[in-house]
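The values are calculated or read from the model by the stated rules, or taken from the named source; none is laboratory data. Please read all numbers here as calculations on a predicted model, not as lab measurements. Please note: Cβ atoms are built from the backbone with ideal geometry, for glycine as well, and neighbour counts cover all protein chains shown.
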Amino acid sequence: MVMFIILGIPLLLAAGAFFIKRERLFGMINCFGYFLVLCASIFIFKEAVSTGNIKALANFIYLDILSAVFILVISVVAFAAALYSIAYISKDIKENIISRRKAGFYYLLFNLFCFSMFCVPAVNNLGMLWVAIEMTTLISAFLVGFYNSKESVEAAWKYIIICSVGIAFALLGTILFSYAFSISGLSKSLNWSDMMPVAHVLDKNILKIAFIFVLVGYGTKAGLAPMHTWLPDAHSQAIAPISALLSGVLLKTAVYAILRFGIILIKSGEMAYFTHLMILFGVISLAISSGFILIQKDLKRLLAYSSIEHIGIIAIGFGLGSPLAIGGAILHIFNHAVTKSLMFFGAGNIVSAYKKHNMNSIRGVIKALPFTGILMLLGMFALTGFPPFSIFISEIMIITAAFAKGSYIIAFLMLFFLSVIFGAFIFYFGKMFFGNLPKGMEKSGEPLSGKFAFLFLFILICGLGAVMVFKYKDLLWIAQRLLQG
Amino acid sequence: MQGIILFLLLASTYLMIIAKRVPALIRGFRYQSFFLFLATFIAAFKENQVELYVVSVMIILVKVILIPYFLDLTVKKINVDENLGLFVNSQLSLALAPVFTYYSWVLSVNLGFGQGTLQSAAVAVAFSVISIGAFLMVSRMKAFTQVVGILIMENGIFLFASSVSGGMPFFAEIAIFFDVFISAVIMGIFVFRINKLFTHIDVNKLSRLKG
């Protein structure tokens, strides 16, 4: 079973982090391991597309196209983060920011974190889904508080408390789903594959209340406004490779959980209810994030608020519910994951070169770090939805779907907020990237493994934009299959 | 019998609301978990289910012994002022608690749980435990209350699960216990770290990150 390779390699690497003390060597092994995981996840994706669904371990593991998409996204970002970590961690050790022992601890947590994220789309039981998502919070809290400074520990504390409370509500929602299942006279089970076929006979009122709890609970983890307050703190204080993982994929695993419950709700005939809630939270996220992006001073917080914006777009995409919109949302999940990882890696390089987060005192990045600067500038255009890049394609798909459905107000609001955010990004990045270097700064070299990570992500950003023009029919087919389970 | 245990469970929750010091709060949590154990044990005895016996043993092991012991240990180690720091004083909190309980009852009846039988009382108690846990989290200053508040909410959710659908599937139940225990330990570690860095554990003074 290929799925065991995907779940097994991170566990093996986590064990290996105990024994291999030379962080550079281990970084390479780590990177190779995630390359294998990436290959395995492409294989799984192909298998899921051709066979529909895969079950294993007495129904404990259940994969369909939806989970395969998320596994693919996680493995792409995890591979890039592993690649970037090699240089980043060695640099931190060289500058005496962290000790050798702590580097081993970092790789241990990194692998456990990836393992828990791979568990989320793989498990069938909705209770285990909850456990897996709570595990991601608990493990990544250490990675947020990794530098043990006052700010990072405060961020980690907020993160763990707000997400644990949020997720407690999600557990309540899960129990209500199982209650709806048990009063319809069926045997006790929380397996998604058992609930899905009988969704149409479940009590609709209980499902509606349960979905509210689930949406608020997992929405906290997904960073939907107004439950997003932990997100900018945690993302700005975590180590750069972990910021990429948090923003690129951790938020998406929570979106995955919402979708699993949402599909049951849609199957029971409550499509309109699902649409309204998702679009409401999506628009609120767009509005709040665009406001905070306008007044932002901190580079990494700017990127964190941009994650809230993109989660909002994804929520609107799934909420609209037509195949075009869902295809756009799925594509957007992938595009946002790769683009935002690139931006966080770049922000990591800038912060470690300038030793500060404040955008007002960062000047002349293109001169100081030419490679990072140019790729990040292109990444900025990609992130704000500029035409040749892939995010443009997915955003235009969602907006077209909104027009096609007649939801002109939603399309208008989306376009309005996106243009505000675009303006703010151009303003801040123009100031940061051009201009003269601050006194005492010199052009510094960039490590090779970091460059590879950038190029890998950049090829995906450009490549998908081009490929999707020819492959969009396949995407629509996948989107149609998604909501059928 | 089950009615009495439900009453005691609610009473122990009220005990935590009037607690002014950390050890009293932890003791209250221990009582609450013990009554939760009794409720589960009686259900196990009535239905004669092996799985429920295992779950009740897990409650006594994790929630009555291990977690309170670990919390007590952390309190002793960090050695700070044991007052909880009340934003809402205990009289007012106690006056608010019946309001939560009343609305939990209204919610439980409106959702149609059990139509006035013991089940609807159990659901009402569960909802009020959850809401009181959430209230404690926001109305007390010390980082400890947040940890205990989450654990109280988890107890309420557990009671809710066992009263409406006869509990979760066994495997998920055990995994959730494990998860709750780990989260209590990790939050304890963070309380420890906050105390080391800031030399206090008042969450209202954690305000470095803004905007």
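B:ILE182 fulfils the conditions (1) at pLDDT 90 or above; (2) surrounded by fewer than 24 Cβ atoms within 10 Å (Cβ to Cβ); (3) more than 30 Å from A:PHE60 (Cβ to Cβ) except for a single criterion, (3). Of the residues making up the range B:20-72, those that are in a helix (DSSP H, G or I) and of a type in the set (Lys, Arg) number 4.
For the range B:154-183, taking the residues that are in contact (Cβ under 8 Å) with a residue 24 or more places away in the chain and touching a Gly at 6+ places or on another chain (Cβ under 9 Å), the one that is nearest to the other protein chains (Cβ to nearest Cβ) is identified as B:VAL164.
Residues that are of a type in the set (A, V, I, L, M), over 19 Å from A:ILE313 (Cα atoms) and within 13 Å of chain B (Cβ to nearest Cβ) within the range A:210-249 comprise A:ALA210, A:ILE212, A:ALA234, A:ALA238, listed in sequence order.
Put simply, of B:SER163, B:SER120, B:SER104, B:SER93 the only residue that is buried (at least 24 other Cβ atoms within 10 Å of the Cβ) and of a type in the set (Gly, Ala, Ser) is B:SER163.
Of the residues making up the range A:443-485, those that are surrounded by fewer than 16 Cβ atoms within 10 Å (Cβ to Cβ) and among the aliphatic types (A, V, I, L, M) are A:LEU448, A:LEU455, A:ILE459, A:ALA466, A:VAL467, A:VAL469. In the range B:122-134, the residues that are among the charged types (D, E, K, R) form no Cβ pair under 6 Å with any partner that is assigned to a helix (DSSP H, G or I), whether six or more places apart or across chains.
Only one of A:ALA170, A:ALA132, A:ALA141, A:ALA78 is small (Gly, Ala, Ser) and closer than 24 Å to A:PHE458 by Cα; which? Going through A:ALA170, A:ALA132, A:ALA141, A:ALA78 in turn, the sole match is A:ALA78.
For the range B:128-136, the condition of being farther than 13 Å from A:ALA168 by Cβ and within 11 Å of chain A (Cβ to nearest Cβ) holds for none of the residues. A single entry from A:ALA180, A:ALA155, A:ALA170 fulfils the requirement of being at the interface with chain B (Cβ under 8 Å from one of its Cβ atoms) and surrounded by 20 or more Cβ atoms within 10 Å (Cβ to Cβ): A:ALA155. Criterion applied to B:ILE186, B:ILE194 was being of a type in the set (Val, Ile, Thr), within 30 Å of A:LYS297 (Cβ to Cβ), assigned to a helix (DSSP H, G or I) and facing chain A (nearest Cβ under 8 Å), and the one residue passing it is B:ILE194.
Tell me, please, whether a residue that is surrounded by fewer than 19 Cβ atoms within 10 Å (Cβ to Cβ), of a type in the set (A, V, I, L, M), farther than 24 Å from A:SER90 by Cα and over 24 Å from the mean Cα position of the chain (by Cα) can be found in the range A:17-26. Among the residues of the range A:17-26, not one is surrounded by fewer than 19 Cβ atoms within 10 Å (Cβ to Cβ), of a type in the set (A, V, I, L, M), farther than 24 Å from A:SER90 by Cα and over 24 Å from the mean Cα position of the chain (by Cα), which makes the answer no. Restricting the search to helices (runs of 4 or more DSSP H) fully inside the range A:305-420 and requiring at least 2 residues that are within 19 Å of the chain's Cα centre (by Cα), surrounded by fewer than 24 Cβ atoms within 10 Å (Cβ to Cβ) and free of Cβ contacts under 8 Å to residues at least 24 places away in the same chain gives an empty result. Looking only at the range B:136-153, which residues are of a type outside the set (A, V, I, L, M), in contact with a Gly (Cβ under 8 Å, 6 or more places away or on another chain) and either surrounded by fewer than 24 Cβ atoms within 10 Å (Cβ to Cβ) or under 15 Å from B:SER33 (Cβ atoms) (or both)? Selection gives B:GLY149 alone. Among the residues of this structure, A:THR229 counts as one that is surrounded by fewer than 24 Cβ atoms within 10 Å (Cβ to Cβ), more than 25 Å from A:GLN480 (Cα to Cα) and of a type in the set (S, T, N, Q).
Yes/no matrix, rows are residues, columns are (1) more than 19 Å from the chain's Cα centre (by Cα); (2) surrounded by 23 or more Cβ atoms within 10 Å (Cβ to Cβ):
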position	(1), (2)
A:ALA48	yes, no
A:THR51	yes, no
A:LEU57	yes, no
A:PHE79	no, yes
A:ILE89	yes, yes
A:ILE97	yes, no
A:TYR107	yes, yes
A:PHE110	no, yes
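Of the candidates A:LEU331, A:LEU320, A:LEU377, the single residue that is aliphatic (A, V, I, L, M), modelled with pLDDT of 90 or more and over 25 Å from A:LEU72 (Cβ atoms) is A:LEU377. Note on the range A:188-198: residues that are buried (at least 20 other Cβ atoms within 10 Å of the Cβ) and more than 10 Å from chain B (Cβ to nearest Cβ) total 2.
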